[in-house]
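One structure is given here, and the rest of the page talks about it.
The values are calculated or read from the model by the stated rules, or taken from the named source; none is laboratory data. This structure is a prediction, so every number in the text was calculated from the model and none was measured. Every residue, glycine as well, gets a Cβ built from its backbone with ideal geometry; the counts of neighbours run over all protein chains shown.
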Amino acid sequence: MNHKNKHPRVNPIDLSENATINDIAEEFSNSGVFGAGRIAKAIDIYTKMLDKKATVFLGIAGALVPGGMKKIITDMIRNDMVHVIVTTGANVTHDIIEAFGGEHIRQVPYTSDSELREKSIDRIYDAFVADESFMKLEDKIQPIFQEIYEKHKDSNNVLAISTRKLMSLIGERLEDSDSFVRAAFEKDVPIFVPAFGDSILGLQLWLFSQMKKIYIDDMGDLGEIQRTAWDSDLAGAFFLGGGVPKNYIFQSRLMSPKTFDYAIQITMDRVETGGLSGASLEEAISWGKVDQESHMITVVSDVTIALPLIYSATLSRLKGG
């Protein structure tokens, strides 16, 4: 059978020594297969999301701040490339740690994790954070909790606060221009942390609650993200990993007659476990979270590799580069 001119070719990727991010994206598209082809499709879909003025819901799972992704998320916020954030408590914790002068380090020599424990150094794969940084977090976050409590408690000296409101009030008090929590406050981008207690920041709030009555208003969070999803004409989901943020975003359209029009996920999890983190986006059609007309792509990759490429190429396109 003669397939000439019937199907597009898989072109070999051809890059000059002066190749730009746009050149790389174009060559990925010309190749069109495997990981390169999927990254190219993700760039196309993300660009379309933003061109069509869709509300972009960003899910942040995994240890992305220790993995060096904080500034990219901050720049996505500042460049109006994300409008709602749902994240694990760990990522806001590590963002705030850096805002308070703590740091994530690398190339720490060790022979065992027991040795790291003796040295008061915590390991996140091949990134590390010293207990000293968590001490800085405690020293500086407790007065902020006190200030927020005194300003917003009710007449019964009880503070019930959503994570969206809490993150905005914390962001207002951070001075680190690279902080995505600060950037979200400045741009009025809501940050939801549905599993807030599953983090060191949650533990710090629990410690504070032993002295003052403070509660996380889960229903306040849920109501706000549901209203945002309902009010959005077009909506796009961009998942960095899976977990709670992925489902929290996806379920936000379930109460609406609309589905997500666009969806991108970057994951390394597999479908066979039945877990949401590895579930295909197509599976979500059966739930009514997306439909057959939705533009979707799954990129099987480490987020720290794929996200910088997708972000940079999309930004360049939006800027006319």
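Annotations for the structure displayed:
- Any chance Ile266 is modelled with pLDDT of 95 or more, closer than 20 Å to Leu50 by Cα and part of a strand (DSSP E or B): yes
- Candidate set from the stretch 269-321 (those that are among the hydroxyl-bearing types (Ser, Thr, Tyr) and part of a helix (DSSP H, G or I)); member that is farthest from Ala63 (Cα to Cα): Ser286
- Flag for Ala25 being within 27 Å of Phe185 (Cβ to Cβ) and among the small types (Gly, Ala, Ser): no
- Residue match in the stretch 4-23 (condition: of a type in the set (Gly, Ala, Ser), in contact (Cβ under 8 Å) with a residue 40 or more places away in the chain and out of contact with any Pro (no Cβ under 9 Å at 6 or more places or on another chain)): no
- Taking the criterion of being part of a loop (DSSP other than H, G, I, E, B) and either free of Cβ contacts under 8 Å to residues at least 24 places away in the same chain or among the hydroxyl-bearing types (Ser, Thr, Tyr) (or both), the residues of the stretch 234-257 that qualify are Ser256, Pro257.
- Exclusive hit being over 30 Å from Ala127 (Cα atoms), under 29 Å from the mean Cα position of the chain (by Cα), part of a helix (DSSP H, G or I) and not aliphatic (A, V, I, L, M), set Lys41, Lys53: Lys41
Conditions (1) assigned to a strand (DSSP E or B); (2) in contact with a Ser or Thr (Cβ under 7 Å, 6 or more places away or on another chain); (3) on the phi > 0 side of the Ramachandran plot, marked per residue:
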position: Gly101; (1), (2), (3): no, no, yes
position: Val129; (1), (2), (3): yes, no, no
position: Phe134; (1), (2), (3): no, no, no
position: Lys140; (1), (2), (3): no, no, no
position: Ile144; (1), (2), (3): no, no, no
position: Lys151; (1), (2), (3): no, no, no
